[in-house]
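Bear in mind that the values in this text are calculations on the coordinates, not laboratory data. Keep in mind that what you see is a predicted model, and the values were worked out from it rather than measured. Cβ sites come from the backbone with ideal geometry, for glycine too, and all protein chains shown count toward neighbours.
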Amino acid sequence: MASFAYLVEPKTLLAEVVRAIEAKFPVKREPRRVVRKTVLDTFDWRLFAQASSLCAISGDEHASLSFESPRQALSCRLPNGELPAFERDIPAGRMRELVGSAIDVRRLLAWVQIELKVQTICLLNADQKTVARLHVQRGTAAKPDNSGSRTPLPLIVLLAPVRGYEQSQRVAADVIEHDIGLRRVADAPLHTAMRAVGVEPGAYVAKRTLMLEPDTRADQATIAICHSLLETIRANEDGVRRNLDSEFLHEFRVAIRRTRSVLRLLKGVLPGEARAHFKAQFKWLGSITGAVRDLDVYLLKTPEYRADLPQSMHQDLDPLDEYLHRHHRGERRRLVTRLKSKRYHESLSDWENFLTRGPSDDTACPDAARPIVEVASERIWKAYRRVYKCGRKIAAETPAAALHELRIDCKMLRYLVEFFRSLYPAEEVAELVDALRQLQDNLGDFNDLQVQQDSLCRFAREMSDEELASVQSLLAMGRLVEHLARRQIGERQRFAQCWAGFATPATRGRFRRLFKTPLPRAR
């Protein structure tokens, strides 16, 4: 069971709460102590999204980590008192498994530092065993970088359960809520502390659905989408520069790629000259980030590559790991230099100014003033027909280039559906996206496996030229290429099944019903 938090307002005397509890339970008071907490979560709030929290706690004999979720609470010692940055920094065990499954490759960031003066009152049963704990907390909060003054926090009474005595917590809660009249606060004390220093839990979401009205002008809706994507680019800039984790660059690039797709797919909505100019600028932005992202991916894959080889060959990939890290450092330096360049800053500044000016009266934009639901439906239906037409032609002997082209067409269709999904019935759109995602995964894996083979062969040549690879390393890399080639054959064989799952009469009928004849209003 989770702890219950109660806000003690000025008009309520804390002594009344304690007396009411003491009338129901024998109690034991523990010495007052000072506890310092640092709240940890990823940039995109992956723990918060699962109603979980992770805190580094100091103030006792040793530092510890505390993890709480709706189903359980765990704690462990924190080696050396250092804050964990990634999953691997958490001591091995159940907590690492749970936190790791939530955060994946993301870095844990410190969001707020809390200093609490805590008085703990143990609630006892007839056998003098502790059946619940009442923690009276007074404290302050501050940003982890110590910028700004410390902010006082409201007085909180935290009623914590003890495993096996959950009923005692419920009895104590009944006393607090009905005899005293304290209200249980829905907002967790940790979230209250974050808001006190100006941090909004869950503020950044990687994939946001923009809510659009069907009769909004197409140019206004398009500008709103581009504004949202620009916010994502700006939000990830600092993390990209500081190399906090690989997902900052990934989200940065996805927002750039989606912006390029808007400019490509919504021709006739924005002025042609501006479209051409910004298409070129965003193409450049995509190009300067590509090398680092590619190396990020290979560095993330090295554990997988080792797992694909016999244990005796794992060390043979060490030179590849060193090669990737060295080139990654060089490409990152070049990327950071470009992100400081005049061209970069002017590109985003000019784009922001263009979006801020809003729609123009350019008569060369025939679709600008049309309702967005009409324009979106036409473009989605056209993109779907292209995917359906191309996919039907692919057979066992079709060249791989055709699958690559189909992959790009599927990506464009997916972007369009996700840009405008708020205009259509949510459940039906979700089913279409799921069907499309399965086909995309197959095509993406097929393409990625080819790219990995080509890249590993190139790495091997370059490592050999630089005299960085032993014969054993080259043999290990060759064996990896063979393994990837077998997997690619399997994905190619699986395509027919994935296509059949997408190209069903039901899916085709749903696309036709939603987009060929658009609904007048969103549902």
Let's test the formula: R0 of 60 Å, r as the Cβ-Cβ distance of residue 462 and residue 213. What FRET efficiency results, to the nearest 0.05? 0.65
Can you give the extra length, in nm with one decimal, that the chain gains between residue 49 and residue 395 once fully stretched, where that is 0.36 nm per residue apart less the Cα-Cα distance? 120.3 nm
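Counting every Cα pair in the range 4-196, what percent are over 21 Å apart?
Cα-Cα pairs of the range 4-196 separated by over 21 Å account for 54 percent.
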Put +1 on the Cβ of each Lys and Arg and -1 on the Cβ of each Asp and Glu in the chain; which of 408, 314, 489 then has its Cα farthest toward the positive end of the dipole? 408
Long-range Cα-Cα pairs in the range 119-206 (distance over 23 Å), rounded percent: 39
Simple spin-label model, 7 Å along Cα-to-Cβ: residue 228 to residue 149 in nm? 4.0
Determine, for each peptide in 243-250, 270-277, the mean count of other beta carbons within 10 angstrom over its residues, then list the peptides with the highest first. 243-250, 270-277
Counting every Cα pair in the chain, what percent are over 40 Å apart? 41
Span from the the range 216-264 Cα centroid across to the the range 98-115 one, whole angstrom: 23
Can you give me the C-alpha center-to-center distance between the range 372-397 and the range 16-69, rounded to a whole angstrom? 54
Assuming R0 = 30 Å, what is the FRET efficiency of residue 378 and residue 434, from their Cβ-Cβ distance, to the nearest 0.05? 0.80
0 to 90° range, to nearest 10: angle between helix 14-24 axis and the chain longest Cα axis: 70
